[in-house]
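Enquirer: One structure, pasted below without further comment.
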Amino acid sequence: MKNMDDQLLTDILAHSPIFHGIAPEKIRRKFLPAMHLVHFQKQMKRRGFLTSRYFYLVARGVVHGFLMNEDGERKVTLFVLRKGDGFDVITLLDEQNSMVSYDCLGMDVTCLAVPLAEMKNWGRQEPEIAKALLLYMGRLLLELEELVFDLSLNDTATRLIKLLLKHADTTIEKDHGVPVLHHLTHEELASLIGSVRVVVNRQLKKLKEMSLIEMEKGKVIINDLKALMEMMEKHTREMRK
C-alpha cells in the first residue's frame, strides 16, 4: 500500500479499538487485503469522506466528527479521532445517512477504507469485532455525555482551558513550553468547544496577557501548566456554587 507498508498498517489495526484482541497474522491475512488507503487534504472540498459507502480507520493524522448549522457559520465537534479510531459507526447500525460530517483536523489525513457492506459482514461474523464495536460505541457515548455536560454547565473560558489541558503534550521539555493542538485554526478551536471564533480569540488573548500561553501560527504553547490547571480547578469550583 502506497507510503505505508503492510507491517505498519497491521500494527495500526492490531492496536485499534475496532480490531482489539485479533491476532496480527489474522489481521494481515483476512482483513487488510479488503482495505485500501485513501488520502485526504485539509479543507479539500471536491472530495470528502464517503461514510455511506465506506467505513474508515485513521492511519495517520486526526479527524473530527462534527455537526454544522445550515448556513455553515457554526459547528460543534462531537468526536476527535486519532490513529486506529474508526468512523462512522452509525452507518453500521442504520441505513440512514448520519447527520455527523467528518473532516481533517489540523493537517492532512490518511485512512484505511473498508467497503461498508464488508465491515457489516465482519461485525456479524467475527465475535471479536462485534464485541470491540460495542465497547467502542460505548466510549463514543461517554464522550458525548462529557460534551453535553460541558456545553450545559461550563462557560467558554472553562471549556477552552479544559481543551488545552486535555491535549497538552507533556512529553516535551518544560523549558520549551508545552505544545497543544498543532496546525489548528481558531475556527477549529472554536468548534472543539462549541463556540465561535471571536469568542475563542478573546479568551486566548486573556490567557496570553496573563502569560499562561503563547500563540504561534497554528499552535498554542502553554507557558505555565500548573497555573493553568489551578485556573481550571478554580473555574470548576465557581461553576458548582
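Enquirer: Would you please name the residue that is surrounded by the most Cβ atoms within 10 Å (Cβ to Cβ), looking only at residues in the stretch 4-30 that are touching a Ser or Thr at 6+ places or on another chain (Cβ under 9 Å) and closer than 20 Å to residue 81 by Cβ?
Expert: Checking each candidate, the answer is 27.
Enquirer: Under 15 Å from residue 133 (Cα atoms) and modelled with pLDDT of 90 or more: is that true of residue 87 in this structure?
Expert: It is true that residue 87 is under 15 Å from residue 133 (Cα atoms) and modelled with pLDDT of 90 or more.
Enquirer: Among the residues of the stretch 84-102, count how many are of a type outside the set (A, V, I, L, M) and within 25 Å of residue 6 (Cα to Cα).
Expert: Summing the residues that are of a type outside the set (A, V, I, L, M) and within 25 Å of residue 6 (Cα to Cα) in the stretch 84-102 gives 5.
Enquirer: Which count do you get for residues in the stretch 67-77 that are at pLDDT 85 or above and surrounded by fewer than 19 Cβ atoms within 10 Å (Cβ to Cβ)?
Expert: 3
The values are calculated or read from the model by the stated rules, or taken from the named source; none is laboratory data. Because the structure is a prediction, the values reported are computed rather than measured. Note that we place each Cβ from the backbone using ideal geometry, even for glycine, and neighbour counts take in every protein chain shown.
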